[in-house]
1. At 7 Å along Cα-to-Cβ for each site, give me the label-to-label distance between residue 461 and residue 80 in nm.
2. For residue 215, list the lysines whose Cα falls under 22 Å from its own Cα; do not include residues on the same chain fewer than 8 positions away.
3. Could you tell me the center-to-center distance, by alpha carbons, between the range 220-244 and the range 120-135 in angstrom?
4. Once you have the Cα-Cα distance between residue 399 and residue 419, take 0.36 nm times their residue separation minus that, and quote the gain in nm to one decimal.
5. Would you please give the FRET efficiency between residue 300 and residue 128, computed as 1/(1 + (r/R0)^6) with r the Cβ-Cβ distance and R0 = 25 Å, to the nearest 0.05?
6. What is the spin-label model distance, in nm, from residue 72 to residue 137 if the labels are put 7 Å beyond Cα along the C-beta direction?
7. Relative to the present Cα-Cα distance, how much length would full extension add between residue 263 and residue 445 at 0.36 nm per residue of separation?
8. Amide H neighbours of residue 162 under 5 Å, at least 5 residues apart or on other chains, H built in the peptide plane: list them.
Amino acid sequence: MKNQILIIVLVLAVIAQGCNGNNSDKSDTPLDNAGATATGKFLIMSDVHFNPFCDPSIVDQLTKTDYKGWQKVFESSSDSSYGPYGTDSYYRLMVSAFEEMQKRNSNPDMIIINGDFICHQFESVFLQHTGETNRDSLRSFIRKTVSFVFLMLDQHFPNTPVLPVLGNNDDYCGDYHIQPDGPFLSFFAGQTKPLLRNMQQSDYLKTFSKGGYYKVAMPWDDKTVFIGLNTIYFSTNYANVCDSADTANAGWDEFNWLKKTLADCKSKGEDVWLSYHIPPGMDIYKSSKAKPCGAHEMWKQPYNDSFLNLVNRYSDIIKGNFAGHTHMDEFRIISDGKKLTSFVHITPAISPIFDNNPGFVEITWDPKKLELINSVTYRFKGIQTKGDNTWAEEYNYGKTYNIPAINAKTLAKIWKKMETDSATRAHYMHYYFVNNPAEIPTPWKAYWCGARFLRADGFVKCNCQ
Ligand SMILES: [Zn+2]
């Protein structure tokens, strides 16, 4: 009897999986993990910014070696440094992060990666170390660097679905210059597709190669969807310098795809998570320095407004947003002016280039409802304290802020408390740079207002009056 019930349940699970989404390409739908049980925990990392140039003496060898042989080259380096503040991730720091993530959770439900895989100023550093001006050599080295990051990740998490998005540094053409429909997008799509594992992936190659965005169905419930966006097109810094063709509409093409996709999800009764690199709202650091008191948005205003309106409109199915880019541990609350509608969970960087300690996050969640229950940040100690190359649990939302879950309501509760309760405020500001005591966001009010007001007028009103 017990076995019969089990068979019926399995058959139903397979049928449900087959009906899932609009997946027409059956060969694209790995079902070996269908009905897999979620563990209720997953990991997020962001802004790895892997710097392959940390030991200049091995760069020549790296240029001559296939990325599959890179680990051996890095291991042969006499430089065992994890790097200082102000630089992107050295090899040992990146590997240490993967090892620690594996140690904390060797079988997470998934790993969300919020973009920026390669180091800043890649082109000029490459030129400086190789003297090589040939465009194809640069592109080959960028491909090897990206491939190596994913190879190391795959070694540590051979079965875990990995859900990446692009950062502003992730392209052949340079910072904020992602080329729509360009060769980097198709390369990156091909590299990452196998890492989706059991996440259904119809259209992944097509939409990622076109604009760096995608939708996948999650395997634990046939009504849950993960959408990865390329928000670099929305950035105030974005320019398409590699392509003379008219691609000014790349951002709106993507936005319209998102609009259509959300309408489609809504009609099917699917719940959605959105993940991207650059969050909507203020560039708080820049805004905090603005004189006279003013505001700088992360995205061009029409994108910021349209996106927030869209989130407000679909707030019943959008269960959360994930971002990176600021390199800091923070959150943002979305509201329509009357009620709270959603939130953005922002994961700090592995790279310590902006003087944050390296950090990653483990989330406890409800896979059926797409609800976040808790978020724990782990931090690396070895940048701050030379020689102490260990990681520690830094804090978790539930215990620190005394909240039972992470959503717009509970985050607004923390936010409100920050205004008058100095302990709550001190926690948030202290964890912002992942526990680097030398870096506390100042003035606190700009950072506080930036967490709650994602449009310039609201931010200015909060911060300047
Ligand atoms: Zn970054």
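No lab work stands behind these numbers, since they all come straight from the coordinates. Note that the structure is a prediction, hence the values are computed from the model and not measured. In this analysis, Cβ positions are derived from the backbone assuming ideal geometry, glycine residues included, and neighbour counts consider all displayed protein chains.
1. Output for this residue pair reads 5.8 nm.
2. 26, 41, 193, 206, 223, 259, 260, 266, 268, 319, 368, 369
3. One Cα centre to the other: 27 Å.
4. 5.3 nm
5. Efficiency, rounded to the nearest 0.05: 0.15.
6. The answer from the label model is 2.3 nm.
7. 61.8 nm
8. Close amide H contacts, sequence-distant or interchain: 111, 196, 197.
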